[in-house]
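Chemist: Attaching a single structure in structure tokens format; questions to follow.
The values are calculated or read from the model by the stated rules, or taken from the named source; none is laboratory data. As the structure is a computational prediction, the values presented were derived from the model and not from experiment. Virtual Cβ from ideal backbone geometry, glycine too; neighbours counted across all protein chains shown.
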Ligand SMILES: [Cu+2]
């Protein structure tokens with residue numbers, strides 16, 4: 001697999017390459033793009049107020065990363081440029097300060113952040129006649145899959161969902177649905193579903209620097225599929241910014257939350273939604289998973305820092321205390337969504353999104369107790385098993401027929417890597433993305449899609465992989481821009497593509513009443529939660545997998561406008577369903593340590609749901 005971030009060019013060891021000013025004149029920068037935490041406007045141009053700027057050939061643009069506008073670090077990485085351009089811009093680690101580029105060839109340049117990959121910027125460079133040359137299939141193979149050789153820049157931009165600065169643009173490009181979109185699943189769930197509605201605007205919700213920051217948590221009652229509560233960060237002391245992913249403690253009276261565009265994690269009272277405590281843990285904490293190993297730091301939180309190199313252990317003893325910090329690989333890591341092995345949780349599978357310049361990442365198997373790296377699979381373009389490890393971002397895991405199997409989503413290659421965690425070997429790679437002409441097996445430049453969360457069902461049968469689209473262009477065979485790929489763990493083949501609303505990002509498994517599990521799916525560019533039944537007729541064959549529910553998340557929050565209920569990323573159904581996490585809660589029934597509500601939830605579970613270890 002070619003290193004497609006720099007087609008036809010060798011990787012050059014430069015942080016910032018500024019094409020010499022002498023050929024074009026050097027008058028300083030004509031625009032500054034501020035990296036921000038504002039949904040759809042993550043690179044805000046000083047001139048336009050939007051993530052798109054138009055300049056002339058030879059002019060310079062500065063990119064500023066500071067606490068004026070963002071609470072963490074980022075990269076500014078050039079993804080696409082006109083044929084013949086010599087501009088390069090990329091970094092091997094997260095940045096503060098100013099980066100610059102001077103633009104040498106007229107046409108369209110596309111940038112993103114490798115830590116928060118949907119942060120998108122566009123620089124359009126006019127030619128001598130004042131026109132912006134088309135985007136060609138040579139620059140962006142996606143265009144060719146639409147059956148044309150080139151498209152005007154305005155046409156391309158009109159379908160890119162990550163460029164949506166205003167409410168009007170969000171309404172035009174995103175799936176902002178009303179109550180009539182509701183589809184209630186015929187079989188209820190049990191418990192609650194916590195959704196990080198990361199993009200919802202909240203008046204007066206500011207970070208420690210006093211800057212307005214987005215994000216709420218929307219809590220859905222799984223029995224009725226209605227919103228029962230919304231949590232915001234106004235009581236967090238400014239330690240709240242783009243709430244991204246959650247986990248719960250074993251008594252299910254507290255939910256932990258990580259703030260991806262900040263430095264903080266929170267502990268939230270489940271019943272009231274009040275923030276009990278918050279802690280500064282480091283740059284861009286992502287996912288939280290508790291350790292289920294009896295006697296071995298049981299209940300301690302594992303927290304990767306995606307704009308850094310380490311995964312933390314955080315003990316909750318009333319306040320949140322860092323007790324360990326270990327690198328998740330050799331050199332630079334940028335770890336994102338880890339998972340711990342079903343049952344004991346003795347090993348962590350950690351995707352390291354990028355290791356240096358370019359998109360090459362790695363996947364580590366870590367000894368949970370010591371934090372030592374047992375095995376690191378590094379991307380190697382010449383090895384078919386590791387070539388797809390381009391921006392690995394999220395992992396799922398469970399024992400399948402007694403073998404611990406991990407499924408890791410590689411955002412840039414479009415493949416899910418299947419790993420035997422016990423033998424520490426890669427078994428295969430499964431393509432889950434689709435080009436606009438229905439082809440699979442192609443990278444993100446052909447599909448403008450990438451897989452994100454990819455959990456294994458607690459009964460070991462299915463993997464549900466969220467496939468995120470950067471555009472709203474539908475594609476066969478699903479007929480939608482985004483989808484969930486259902487992988488059968490017996491064959492490790494995709495058995496069904498299920499269409500989903502815009503911006504499909506998160507998935508997790510929750511209890512289906514009477515037996516089995518639902519995949520709860522979040523969609524960051526929509527205001528609904530999707531409920532997927534992987535096997536509605538229960539015959540063990542997933543070819544009938546279907547979306548059986550669409551749950552509106554907007555609840556007319558004051559000031560939220562078009563963002564009400566949007567931004568769905570992390571999703572945490574309670575009770576926690578997997579082997580290792582459900583049994584400790586079940587074992588507390590009757591001890592007085594569970595609330596009556598939680599006792600009621602546990603009372604509704606089948607024996608299999610109470611103990612999915614398959615050892616009884
Ligand atoms: Cu970023």
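Chemist: Could you list, in sequence order, all residues of region 38-61 that are farther than 24 Å from residue 334 by Cβ and either within 16 Å of the ligand (Cβ to nearest atom) or in a strand (DSSP E or B) (or both)? Before the answer, list the steps.
Modeler: In the first step, residues of region 38-61 are kept if they are farther than 24 Å from residue 334 by Cβ; the result is 45-50, 52-61.
Matches in region 38-61: 45, 52, 53, 54, 55, 56, 60, 61.
Chemist: So, of the residues in region 94-115 that are buried (at least 22 other Cβ atoms within 10 Å of the Cβ) and within 22 Å of the chain's Cα centre (by Cα), which turns out to be farthest from the ligand (Cβ to nearest atom)?
Modeler: Among those that are buried (at least 22 other Cβ atoms within 10 Å of the Cβ) and within 22 Å of the chain's Cα centre (by Cα), it is 111.
Chemist: Also, I was wondering about something else. Which of (1) within 14 Å of the ligand (Cβ to nearest atom); (2) under 14 Å from residue 102 (Cβ atoms) does residue 69 not meet, given it meets every other one?
Modeler: That leaves (2) as the condition not met.
Chemist: Restricting to region 274-299, give me the number of residues that are crowded, with 20+ Cβ neighbours inside 10 Å, over 21 Å from the mean Cα position of the chain (by Cα) and in a loop (DSSP other than H, G, I, E, B).
Modeler: So the count comes out to 2.
Chemist: Which residues, taken from region 561-577, are on the phi > 0 side of the Ramachandran plot and either surrounded by fewer than 24 Cβ atoms within 10 Å (Cβ to Cβ) or free of Cβ contacts under 8 Å to residues at least 12 places away in the same chain (or both)? Lay out the reasoning, then the answer.
Modeler: The first filter runs over region 561-577 and keeps only residues on the phi > 0 side of the Ramachandran plot, leaving 561, 565, 567.
Result: 561, single match.
Chemist: For residue 187, are the conditions met, namely being assigned to a loop (DSSP other than H, G, I, E, B) and in contact with a strand residue (DSSP E or B) (Cβ under 8 Å, 6 or more places away or on another chain)? Lay out the reasoning, then the answer.
Modeler: Details: assigned to a loop (DSSP other than H, G, I, E, B): yes; in contact with a strand residue (DSSP E or B) (Cβ under 8 Å, 6 or more places away or on another chain): yes.
Considered against the rule, which asks whether it is assigned to a loop (DSSP other than H, G, I, E, B) and in contact with a strand residue (DSSP E or B) (Cβ under 8 Å, 6 or more places away or on another chain), residue 187 comes out as yes.
Chemist: Since residue 496 meets every condition but one in (1) closer than 20 Å to residue 174 by Cβ; (2) in contact with a helix residue (DSSP H, G or I) (Cβ under 8 Å, 6 or more places away or on another chain); (3) assigned to a strand (DSSP E or B), which condition does it not meet?
Modeler: All conditions pass for residue 496, except number (1).
Chemist: Cβ-Cβ distance below 7 Å, separation of 6 or more or different chains: which pairs start in region 55-83 with a residue that is free of Cβ contacts under 8 Å to residues at least 24 places away in the same chain and end on one that is within 11 Å of the ligand (Cβ to nearest atom) and in a strand (DSSP E or B)?
Modeler: Note: no pairs meet the criteria.
This table checks each residue for (1) in contact with a helix residue (DSSP H, G or I) (Cβ under 8 Å, 6 or more places away or on another chain); (2) surrounded by fewer than 20 Cβ atoms within 10 Å (Cβ to Cβ); (3) modelled with pLDDT under 95.
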| site | (1), (2), (3) |
| --- | --- |
| 399 | no, no, no |
| 404 | no, no, no |
| 413 | yes, no, no |
| 420 | no, yes, no |
| 437 | no, yes, no |
| 444 | no, no, no |
| 451 | no, no, no |
| 460 | no, no, no |
| 467 | no, no, no |
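Chemist: Which one of the conditions (1) farther than 28 Å from residue 344 by Cα; (2) part of a loop (DSSP other than H, G, I, E, B) does residue 535 fail to meet, given that it meets all the rest?
Modeler: Of the numbered conditions (1) farther than 28 Å from residue 344 by Cα; (2) part of a loop (DSSP other than H, G, I, E, B), the odd one out for residue 535 is (1).
Chemist: Considering region 147-166 alone, what residues qualify as being at negative phi and surrounded by fewer than 16 Cβ atoms within 10 Å (Cβ to Cβ)? Even if it seems obvious, please write down each step before you answer.
Modeler: First, the residues of region 147-166 that are at negative phi: 148-166.
The answer is 148, 149, 152, 154, 155, 158, 166.
Chemist: Mind listing whichever residues of region 422-435 are buried (at least 22 other Cβ atoms within 10 Å of the Cβ) and closer than 23 Å to residue 161 by Cβ?
Modeler: 432, 433, 434, 435
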